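For reference, the structure is listed below as structure tokens.
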Amino acid sequence: MLKKGAKLFSLAAQVNISMQDYSKKGKWPIVFIVKVVVWLALILSFPILQDVYKRSTYLSQIAYALNTFLTASVLFSVGRFVMIALYTRRTERQSVRGNFVLGINRVTAVLNSIFAIIALMLAFGINPVGFVTSMTIVAMAIAVTFREYITNMISGLILMFSDQFSIGDRIKVGEYHGKIVDITLANIVVKNDEDDIVLIPNNAAFTEKIVNKSVNQSNKLSVKFELPLYAAANMEELEEKLKKLLMYHPDVHWTDDVALKVVNIGKDYVQYKIEFNALNSTNKLHRQLENEVLTLILKQQREP
């Protein structure tokens with residue numbers, strides 16, 4: 001009994017922490033509180049206004065429909081708080097990259113929408129079970145018509161509960177690449193380097209080759225470039241200038257093994273690369289360092 005009580009107390013504490021987090025962010029669940037108050041008032045009205053409901057069939061249907069929706073919505077909200085609290089407790093000492101909270105929020109929204117439709121049916125005196133049964137053929141036609149959206153939605157839910165991608169990751173899909181800013185039930189929302197928003201269908205995560213550049217990010221940076229064969233005579237001078245640039249750069253962790261290396265020799269060109277360690281693994285810093293290195297190389301080649 002003591003163990004069960006301790007577990008319940010711990011769970012309650014986690015829920016309380018989640019509620020406090022909302023409070024700190026200025027996002028107290030006011031909608032949830034309003035729903036609970038209306039739900040409790042509605043429950044109390046059934047015995048008090050029993051005669052009124054008996055005299056008005058339409059009012060009774062509305063009350064019953066609203067009660068059905070609020071009961072389900074409140075239970076879903078409580079379940080969401082509890083599941084997020086448990087997840088937070090289980091992963092508080094782990095490095096988590098998944099989208100569990102996002103997935104729970106999306107599933108809760110979908111379930112609320114379903115029960116809102118059921119409540120509307122009840123309000124108009126329509127039996128949901130009978131309606132669904134009679135609309136089976138139509139439902140099948142709708143499923144075929146909206147197949148892409150349905151599969152996208154399912155793919156989105158799978159992505160939300162997986163650790164393949166996370167909001168903030170930088171990915172590359174075909175010719176598009178950028179940072180994930182949101183995962184909806186239809187698309188992976190990506191912002192590219194030009195701050196354009198690119199919508200990638202969720203199905204692409206399972207049908208296309210996607211590179212997640214944020215997984216196992218490293219501080220190591222490799223800059224590759226090509227130069228014509230006649231420029232090989234000035235490679236020692238170029239290497240010294242590159243070393244001087246990187247050795248005293250405030251964002252580079254200098255090591256003595258940094259050197260200009262030949263990658264490939266073509267008919268009239270040579271491919272080179274230089275590898276070094278940046279102070280952090282941010283894409284912004286890597287792009288800045290790569291730009292500085294390439295600018296120095298270009299400047300060197302322009303000099304007589």
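Return one whole number: the accessible area per residue of the range 28-126 in Å², for a 1.4 Å probe. Walk me through the numbers on the way to the answer.
Values: 6110 Å² over 99 residues.
Ligands and nucleic acids excluded, the figure is 62 Å² per residue.
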Next item on the list: Sequence neighbours fewer than 8 away in the same chain don't count; with that in mind, list the aspartates and glutamates whose C-alpha is under 14 Å from residue 179.
Entry: 169, 193, 194, 195, 196
Next item on the list: Please work out how much accessible surface residue 87 shows to a 1.4 Å probe, ignoring ligands, DNA and RNA, in Å² rounded to 10.
Entry: 40
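If you average the sequence gap of Cα pairs under 8 Å that are 6 or more apart and divide by the length of the range 220-301, what percent do you get for the contact order?
Details: 94 pairs, mean separation 33.1, N = 82.
Answer for the range 220-301 is 40 percent.
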Margin query: What is the percent carbon and sulfur in the accessible area of the range 136-293, measuring with a 1.4 Å probe over the protein chains and ignoring ligands?
Written below: 53
Note to self: Students sometimes get this wrong: rank 293, 110, 78 by accessible area, probe 1.4 Å, all chains present, largest first.
What the structure shows: 78, 110, 293
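What do you get when you divide the Cα radius of gyration of the range 138-215 by 2.2 N^0.38 Å, with N the number of residues? Each step should come with its number before you reach the end.
Numbers: Rg = 13.3 Å, N = 78, 2.2 N^0.38 = 11.5 Å.
Against the empirical 2.2 N^0.38 Å value, I get 1.15 for the range 138-215.
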Checklist line | Cα-Cα over 31 Å, subset of 243/267; 261/284; 243/284; 35/172 | finding: 35/172
Notebook entry, point to check: At a probe radius of 1.4 Å, what is the per-residue accessible area of residue 124, in Å² to the nearest 10?
Noted result: 140
Notebook entry, point to check: Rolling a 1.4 angstrom probe over the protein heavy atoms, how many square angstrom per residue are accessible across the range 220-301?
Noted result: 62
Next item on the list: For residue 253, tell me the accessible area in Å² from a 1.4 Å probe, rounded to the nearest 10.
Entry: 100
Notebook entry, point to check: Could you give the Stokes-Einstein D for the range 182-304 in µm² per second, using the C-alpha Kirkwood radius, 10 °C, 1.306 mPa s?
Noted result: 93
Note to self: Using only the heavy atoms of the protein chains and a 1.4 Å probe, how would 302, 147, 80 rank by accessible area, largest first?
What the structure shows: 302, 147, 80
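Take the Cα atoms of the range 28-126, build their convex hull, and give its volume per residue in Å³.
Once divided by residue count, the hull of the range 28-126 is 92 Å³.
The values are calculated or read from the model by the stated rules, or taken from the named source; none is laboratory data. On a predicted model such as this, the values are computed, not experimentally measured, just so you know. Each accessible area value is taken on the protein alone, full model and side chains, heavy atoms only, with ligands, DNA and RNA left out. Shrake-Rupley method; radii C 1.70, N 1.55, O 1.52, S 1.80 Å.
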